[in-house]
Amino acid sequence: MAKIKTVFACQSCGSTYAKWQGKCNGCEEWNSIVEEVVEKEEKGTVDWRETENKGIAKPTKLKDVIIGESYRIDSGDSELNRVLGGGITPGSLVLMGGEPGIGKSTLLLQIAVRLKGWKVLYISGEESEQQIQQRAIRIGNSNEECYILTETATHKIFHFIKELQPDIVIVDSIQTVHSKSIEATPGSVSQIRECTGEFQRFAKETNTPVFLVGHITKDGQIAGPKILEHIVDTVLQFEGDRNHVYRILRTIKNRFGSTAELGLYEMQGHGLRIVENPSEILITQKDDNLGGVAIAATMEGMRPMLIEVQALVSTAFYGTPQRSATGFDTRRLNMLLAVLEKRVGLNIGTKDIFLNIAGGLRVEDPAIDLSIVSALMSSYNDVPIDMKVAFAGEVGLSGEVRAVNRVEQRIQEAEKLGFEKIYVSKYNFGKGKTAPKNTKIQVVLVSKVYELIKLLSL
């Protein structure tokens, strides 16, 4: 009889140790190290296939590899299709993480009941069949080929999968599933790693897409070992404030598309509504213009959108001036403040600066620099900016307005939403290029920050 081997693994990051210790050296968490039993993989490995159907992989020349016709499965959700890179890829393993109650189960069940013509198996280890049925009735759509399975043991799950032969598998959640090859509690590092590996083998060898739901830690990271994100093909993060109705589906990793895409949803009583026009939630509707507000034309992946930048400049009465930014890099904000002080002569050393990107977005596009500078100057002088004016440009250290990518798409999006004027860098149309003239929107070219301030009368 083989001796059972045990290791001490951190339940937060997956680091292993030979003996127990109070603090994890990897993530610096206290009391997160638990003893786990590890067995030889070949002794108790659960395989979904029949023994006679097992194939042996052989080395193949790269030029001899046959590429089949690639296609995507339409999920019936335009936002999810965009985030995944055009649809669900056959044989892909997708991990979706998010806070409790954010709507992960609702979104995946909504996809399961909308996939007409596809056999979907929804595996739940957290809810009963009655609870899932009640949610499906509330969503309102029905798929005759949608099956529900409430089971947590992987060998039983794969037994039903072999009988049913589904086209798409959804597992809610991976932390509740356990494998009999590992003597550890469900949700432990070794169990999550082993179960994810079994679903990965199933997805790749049958060309069946698998969706996994993953819980997150208090730091916003997906619970379990970091190797979990390395195993899967796509990692999706479902974000949002439970006090607000809007949800953001963001791509962290994607082997079949861009990682810069995001999808927007609105949580309603009958499920998640797709937000076709992001500007309807990112631009605040107001009756009057106030100082410190500017509209930026930004890009998220291949998708142009207009967002509202809010700035507040006030006198500091409590010693050291504050510098706070929500949805924007604080170091970048400090750089823009230094440019305004050096190149424009703005005295902001004794001012509190607050910056906010409306809608709960986290923006890293440098093209919003111009709108941030305009909002800061507007708040400093208490002079409002016309809400029919947009900005798209990067600000350099010498105060120059640098060119940005896809400026034509930004201009078209601003024109489509009814904006009358947009400020862009003149270097976007250098070397023989000219600003578009056959547009309803007026394109104003600027090269320096102080030119922009003069044009805006700030």
Taking strands (runs of 3 or more DSSP E) that do not extend beyond region 256-361, which have at least 1 residues that are out of contact with any strand residue (DSSP E or B) (no Cβ under 8 Å at 6 or more places or on another chain), among the acidic types (Asp, Glu) and on the phi > 0 side of the Ramachandran plot?
none
Can you tell me which residue in region 402-451 is surrounded by the most Cβ atoms within 10 Å (Cβ to Cβ), limited to those that are among the charged types (D, E, K, R) and closer than 16 Å to Ala367 by Cβ?
Arg410
Going through Arg343, Arg323, Arg362, Arg331 one at a time, which residue ends up being out of contact with any Asp or Glu (no Cβ under 6 Å at 6 or more places or on another chain) and within 25 Å of Leu264 (Cβ to Cβ)?
Arg362
Restricting attention to region 194-225, report how many residues are at pLDDT 90 or above and either touching a Pro at 6+ places or on another chain (Cβ under 9 Å) or part of a helix (DSSP H, G or I) (or both).
15
Any idea which of Gly86, Gly55 is assigned to a loop (DSSP other than H, G, I, E, B), within 21 Å of the chain's Cα centre (by Cα), at pLDDT below 90 and not β-branched (Val, Ile, Thr)?
Gly86
For Ile170, state whether it is in a strand (DSSP E or B) and either among the hydrophobic types (A, V, I, L, M, F, W, C) or not assigned by TED's automatic domain parsing to the domain that holds Val7 (or both).
yes
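The values are calculated or read from the model by the stated rules, or taken from the named source; none is laboratory data. Keep in mind that what you see is a predicted model, and the values were worked out from it rather than measured. Neighbour counts are summed over all protein chains in view; Cβ atoms, including those assigned to glycine, are modelled from backbone coordinates with ideal geometry.
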